[in-house]
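Just below is one structure, and these are the notes that go with it.
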Amino acid sequence: MKLVTAIIKPFKLEDVREALTAIGVKGITLTEVKGFGRQKGHTELYRGAEYVVDFLPKIKVEVAVDEKNLDAVIEAIVSSTKTGKIGDGKIFVYDLDQVIRIRTGETGLQAL
C-alpha cells in the first residue's frame, strides 16, 4: 500500500477530485497549507502599500492506494493539475505499513 501526497494549487482541487473519483478512488484527505517552492512567493499591492507574500496558499491532498493503482492515481493528479507553469505542485509517495479502519477493525487493503 502507498500514501500519495500531492501539493496543488487551490483552484485545481475540484479537477483533482473529479479525476480521482473517475478512476475509482473512494476517499481523499485535504488540508489547507501554505508554502513556497521555486516561485518564492510574490509581491502584492494593498491600499497603495506593497508587501511580500512569502507563503502561498496550497492544498495538500492525501490518498491511500493499493500499489496496483498507484500509477493511475499519479497520472490522474498530474493530468488534472499540470499547467506547465511554475508552482503546479509536487507529488510524494510513501510506503504504508498498515491501515486500520477504526469502525470495523478491518486492516490492510480491506480498510481502504
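The values are calculated or read from the model by the stated rules, or taken from the named source; none is laboratory data. Fair warning: this is a prediction, and the values are worked out from it, not measured in the lab. Ideal geometry is used to build each Cβ from the backbone, glycine not excepted, and the neighbour counts take in all protein chains shown. Side chains included, ligands, DNA and RNA excluded: accessible areas come from the protein's heavy atoms. Shrake-Rupley method; radii C 1.70, N 1.55, O 1.52, S 1.80 Å.
Numerical summary
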{"item": "Whichever residue in the range 1-46 is hydroxyl-bearing (S, T, Y) and modelled with pLDDT of 95 or more and, among such residues, is surrounded by the most Cβ atoms within 10 Å (Cβ to Cβ)", "result": "T5"}
{"item": "Considering residues of the range 85-94 that are of a type in the set (A, V, I, L, M, F, W, C) and modelled with pLDDT of 95 or more only, the residue most open to solvent (accessible area, probe 1.4 Å)", "result": "F92"}
{"item": "Those residues of the range 95-112 which are under 20 Å from T5 (Cα atoms), open to solvent by 50 Å² or more (accessible area, probe 1.4 Å) and of a type outside the set (D, E), in sequence order", "result": "Q98, I100, R101, L109, L112"}
{"item": "Selection within the range 1-26 - in a loop (DSSP other than H, G, I, E, B), in contact (Cβ under 8 Å) with a residue 60 or more places away in the chain and over 10 Å from the mean Cα position of the chain (by Cα)", "result": "M1, K26"}
{"item": "Single unsatisfied condition, K82 versus (1) at pLDDT 90 or above; (2) of a type outside the set (D, E); (3) open to solvent by 80 Å² or more (accessible area, probe 1.4 Å); (4) in contact with a Leu (Cβ under 7 Å, 6 or more places away or on another chain)", "result": "(4)"}
{"item": "Test for K60: is it under 16 Å from K9 (Cβ atoms) and open to solvent by 30 Å² or more (accessible area, probe 1.4 Å)", "result": "yes"}
